[in-house]
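K.L.:
Please read through the structure below; I'll follow up with questions.
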Amino acid sequence: MYDDSYLAKRLRVASLGAGHAEFLRNHQTGESVSYDGFFANAERMAAVLTGAGVQPGDRVAVQAPKTQAMLELYVGTVLAGAVFLPLNTAYTGAELRYFLGDATPRILICDPRKLDDLEPIAQDTGVARIFTIGADESGSLVQARNATAPGFAPVPRGADDLAAILYTSGTTGRSKGAMLTHRGLASNSETLKDVWRFTSDDVLIHALPIFHTHGLFVATNVTLMAGSSCIFMAGFDADAILSYMPRSTALMGVPTFYVRLLDKPGLADAARGMRLFVSGSAPLLAETHDRWSKVTGHAILERYGMTETNMNTSNPYDGDRRAGTVGFPLPGVEVIVTNPETGAALAQGEIGMLEVRGPNVFAGYWQMPGKTAEELRDNGFFITGDLGQIDEDGYVHIVGRGKDLIISGGYNVYPKEIEILIDDLPGVAESAVIGVPHPDLGEAVLAVVVPEPGAVVTPEDIAAGVASDLARFKQPKKVFVVGELPRNTMGKVQKNLLRDGYAALFSRRRRSVATGPDHCT
Ligand code: MCA
Ligand code: AMP
């Protein structure tokens, strides 16, 4: 019955005939959910959405706690032929207003605790109906699901139809909705399942959020497509993860997961029976890779992806997993290195812009044909904004970013978005937002602010001024008020000098800050 829906069929096929097998064990409730039980609920969700007026191609936006119900909603949205639009739970009302206004979803699903705040925003942006999902698997959508019979026939969808839109911030400060097709999502997860050897014997510890590519498409789709099982946790909890390792086989995480787990006594014993540790979303320090190998005897497998492309490269399952590299292009994916100015292909070993082509690449930015044309070439290559090189053995190295981006604990933060807000505050002449090394988060967000002549601006003013507009993870961990920003002869702010000056700020053994701040929080 799933035959006509491209992605839904692929998510379901491994569990057909094995429907009693466990798909998920809920860390919160202790409940074990079978494949048949999960898909019956996803079908109910699809029926609720359709009953609420959702048509094929409509966007279904969700900002809700990580729950089993939210996962059912994801698959239910795909079954209904609609487009899943998950939003980070840390986003503020101001941020939500932009996303809802841009994507114009028919339905919004939110945390019941945010309902009062979001109702007026939903009304202003034309959302037809709001449901809720609460952290304890409650809420109006769950009630509607329970009152609905399973057996929904999936709406036919083809390879090029949209299955999801995920917003990714931009260097201009405006977030862009990456349009992800059934083919893109299905082909990438099928490839990962094969290259990482997932089978029905696997148990994945699922501790990533499900509003981003890593936790939603990599972790969840691979589990479903392999007929594996997962231990489904609402968030990262190092002690709980350690306790689950002896009955699990795989973990997927951002580098912060591995840094924190390394602090735990008992890791070596707990990790002994695991077969795979995957890291991505941010650079894994070679030091973390090496320490992990020493303590556990396992080499972390690092891979490289983007919201726009899903996964592009992976270190090998068999063979040398090299620290500081992101491995080889995945089967069917091409990676080339080009001159960032001219776009001309560079010789092997040279450093340049990484460009990617393959079935995994997105269909463009939602209602932004200009932005799409800037980043997606006519020949199908996507310009990633990451600078890298391919070594003589074929391993891809990411050596820097051509885009002004900070990655904090696996979350992307675009400085421009924050600078625009800070520059608008009273008494501020200009600002520069940078990322500096942080032992736990990889990079931490820092703001360097110049007041207008004669104005008195404090770090507290800045922190308070952006608080209601920015998700907490984007808010600067420190603010410095200085007399001026370093500039080159062209007048461009030299962020590299700022980054060098503040590089030791959060280091474990802190050295003095080279370009001393006038004040800091
Ligand atoms: C939480 N906080 C953060 C972050 N997370 N601050 C900066 N950066 C962060 N990433 C702040 C909160 O606002 C709060 O601040 C305080 O830390 C404690 O919050 P809590 O929620 O308890 O934090 P946590 O549970 O310790 O979370 C840290 C985390 C989490 C586990 C690293 O951020 C996480 O799960 N990150 C994974 C992100 C991810 O899935 N990325 C994949 C994107 P206060 O106390 O001041 O209020 S997909 C992608 O990148 C591509 C496609 C790819 O290749 O995968
Ligand atoms: P996103 O906004 O979530 O799409 O972030 C994608 C970006 O994360 C990429 O363009 C890279 O800059 C970065 N990224 C993802 N995986 C890795 C990795 N393994 N090493 C270094 N950077 C990574």
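Rule-based calculations on the coordinates, nothing more; no lab input. Just so we're clear, the structure is a prediction, and the values are computed from it rather than from any experiment. Here the Cβ positions follow ideal geometry from the backbone for every residue, glycine too, while neighbour counts run over all protein chains shown.
K.L.:
What are the ³J(HN,Hα) values, in whole Hz, obtained from phi via the Karplus relation 6.51 cos²θ - 1.76 cosθ + 1.60 with θ = phi - 60°, for each residue of the stretch 502-507 in sequence order, with x given for Gly and Pro?
P.N.:
3J(HN,Hα) across the stretch 502-507, in whole Hz: 9, 4, 8, 3, 10, 5.
K.L.:
Wrap a convex hull around the Cα atoms of the stretch 118-220, take a quarter of its surface area, and give that in square nanometres.
P.N.:
10.4
K.L.:
If one takes the longest principal axis of the Cα atoms in the chain, at what angle in degrees, from 0 to 90 and to the nearest 10, does the Cα axis of helix 115-124 lie?
P.N.:
Its long axis makes an angle of about 90 degrees.
K.L.:
So how tilted is helix 286-296 from the main axis of the chain? Cα-based, degrees 0 to 90, rounded to 10.
P.N.:
50
K.L.:
Let me ask you something else. What ³J(HN,Hα) values, in whole Hz, does the Karplus curve 6.51 cos²θ - 1.76 cosθ + 1.60 give for the stretch 156-162 when θ = phi - 60°, with x put for Gly and Pro?
P.N.:
x, 9, x, 4, 8, 6, 7
K.L.:
Quick one: Cα centre-to-centre distance for the stretch 380-449 and the stretch 247-287, in angstrom?
P.N.:
So the two Cα centres are separated by 24 Å.
K.L.:
Sequence gap at least 6, Cα distance under 8 Å: using those rules, report the relative contact order of the stretch 111-249 to the nearest whole percent.
P.N.:
Over the stretch 111-249, the number comes to 16 percent.
K.L.:
When averaged across all projection directions, what area in nm² does the alpha-carbon convex hull of the stretch 73-153 cover? Could you put the intermediate results ahead of the total?
P.N.:
Numbers: hull surface 22.3 nm².
Over every viewing direction, the Cα hull of the stretch 73-153 projects on average to 5.6 nm².
K.L.:
Ok, one more. In percent, how large is the relative contact order of the stretch 1-121, given Cα pairs closer than 8 Å and 6 or more residues apart?
P.N.:
24 percent.
K.L.:
Moving to a separate point now. May I have the convex hull volume per residue, in Å³, for the Cα set of the stretch 44-179?
P.N.:
Dividing the Cα hull volume of the stretch 44-179 by its residue count gives 100 Å³.
K.L.:
What are the residues whose amide H is under 5 Å from the amide H of Thr313, where those residues sit 5 or more places off or on another chain and H is modelled from the backbone?
P.N.:
Those qualifying (amide H under 5 Å, at least 5 residues apart or on another chain) are Tyr304, Leu330.
K.L.:
Let me ask you something else. For Glu430, list long-range residues whose amide hydrogen, built 1.01 Å from N in the peptide plane, is under 5 Å from its own amide hydrogen.
P.N.:
Excluding prolines and chain starts, which carry no amide H, the hits are Val450.
K.L.:
Right, another one. Among DSSP bridges having both ends in the chain, what percentage is antiparallel? Round to the nearest 5.
P.N.:
Values: 49 of 82 bridges.
Taking every DSSP beta bridge with both residues in the chain, the antiparallel ones total about 60 percent.
K.L.:
What's the ranking of 112-121, 276-285, 78-87 by average number of surrounding C-beta atoms within 10 Å, highest first?
P.N.:
78-87, 276-285, 112-121
K.L.:
For the chain, what log10 I(q)/I(0) values come out of the Debye formula at q = 0.06, 0.10, 0.13 1/Å, with one point per alpha carbon and no solvent?
P.N.:
Treating every Cα as an identical point scatterer, log10 I(q)/I(0) equals -0.28, -0.82, -1.40.
K.L.:
Sticking with this one: Quick one: helix 93-103 against the long Cα principal axis of the chain, what's the angle to the nearest 10°, folded into 0 to 90?
P.N.:
Orientation of helix 93-103: about 60 degrees from the principal axis.
K.L.:
With unit charges on the beta carbon (Lys/Arg positive, Asp/Glu negative), name the residue among Ala94, Ala144, Ala82 whose Cα is farthest towards the positive pole of the charge dipole of the stretch 52-146.
P.N.:
Ala82
K.L.:
Which of Gly388, Gly402, Leu425 sits closest to the plus end of the dipole of the stretch 370-430, meaning its Cα is farthest towards the positive end, when Lys and Arg get +1 and Asp and Glu get -1 on the C-beta?
P.N.:
Of the listed residues, the answer is Leu425.
K.L.:
Need the list of aspartates and glutamates near Lys371 for cross-linking: C-alpha distance under 18 angstrom, and skip anything on the same chain fewer than eight residues off.
P.N.:
Reachable aspartates and glutamates: Asp102, Glu308, Glu341, Glu355, Asp386, Asp404, Glu417.
K.L.:
Also: Quick check on my link table: of Lys193/Lys294; Lys176/Lys477; Lys403/Lys478; Lys9/Lys474, which ones sit more than 31 Å apart, alpha carbon to alpha carbon?
P.N.:
Pairs exceeding the cut-off: Lys9/Lys474.
K.L.:
Evaluate the charge dipole of the chain about its Cα centre and quote only its size in Debye, nearest 20, assuming +1 on the Cβ of each Lys and Arg and -1 on the Cβ of each Asp and Glu. Display every interim value, and only then the final one.
P.N.:
On the way: 47 positive and 59 negative charges, 137 e Å.
Here the size comes out at about 660 debye.
K.L.:
If I take the Cα coordinates of the stretch 252-306 and project them onto the principal axes, what are the three extents in Å, biggest first?
P.N.:
Principal axes ranked by extent give 33, 20, 15 Å for the Cα atoms.
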